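A short worksheet on the structure shown next.
What follows is calculated from the coordinates using simple rules that are stated; it is not laboratory data. These figures come from a predicted structure and were not determined experimentally.
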C-alpha cells in the first residue's frame, strides 16, 4: 500500500507562502478561488521564477482558448476538469511521481 501525505489550504495567500517555503512533489491548484485566483497564484510564481512544472490545475469551468494558452505559458504539468474522483487524483499522483521505465 502506498502512502501519500497532503496538505490542504483554504487561503490562497497562505498557499503562496507554503509553496515558496516548502518542497512539494506535486501541487494541486484550484483555478477559481475568491479574491485571489489560481491564475493570480501562477502569475506570482512566474514573477518569482518558481518552477511551476509540478503544478496540476483543477477547474470546474470550461476554459477559453486564451485561458488554456495562458495556463500552457506557465509550464504547468496538467489540467484536470471537475468533477474529480479520488481514483482520478490517486492515479494522477501515481502517474506523476512514479518514474517511467523506457524499455525501447
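For the chain, what's the relative contact order in percent, using C-alpha pairs closer than 8 Å and at least 6 residues apart?
Numbers: 81 pairs, mean separation 23.4, N = 104.
Relative contact order for the chain comes out at 22 percent.
Would you mind calculating the gained length between residue 88 and residue 75 on full extension (0.36 nm times residue separation, minus the Cα-Cα distance), in nm to one decimal?
That pair, residue 88 and residue 75, stretches by 2.5 nm at full extension.
Among 58, 68, 45, which one shows the highest mean-square fluctuation when the chain is modelled as a Gaussian network with alpha-carbon springs under 10 Å?
Checking each option, the largest mean-square fluctuation is seen for 68.
Equivalent-ellipsoid semi-axes (√(5λ), Cα gyration tensor) for segment 5-56, whole Å, largest first?
Values: eigenvalues 45, 38, 21 Å².
The three semi-axes for segment 5-56 are 15, 14, 10 Å.
Of the residues 64, 37, 91, which exhibits the maximal mean-square fluctuation in a Gaussian network model of the chain defined by a 10 Å Cα contact cut-off?
64
Between segment 60-93 and segment 4-43, what is the C-alpha centre distance in whole Å?
Measuring centre to centre over Cα atoms gives 14 Å.
For residue 4 and residue 46, calculate 0.36 nm times their separation in residues minus their Cα-Cα distance, and state this gained length in nm to one decimal. List each step's numbers first, then the result.
On the way: separation 42, 0.36 × 42 = 15.12 nm, distance 2.70 nm.
That pair, residue 4 and residue 46, stretches by 12.4 nm at full extension.
In degrees between 0 and 90, to the nearest 10, how far off the longest principal axis of the chain does helix 86-97 point, with axes built from Cα atoms?
Helix 86-97 sits at roughly 80 degrees to that axis.
Quick one: Kirkwood hydrodynamic radius for the chain, alpha-carbon pairs, angstrom, one decimal?
14.7 Å
Using the alpha-carbon atoms, what tilt in degrees (0 to 90, nearest 10) does helix 38-47 show relative to the longest principal axis of the chain?
Taking Cα atoms only, the helix is inclined about 90 degrees.
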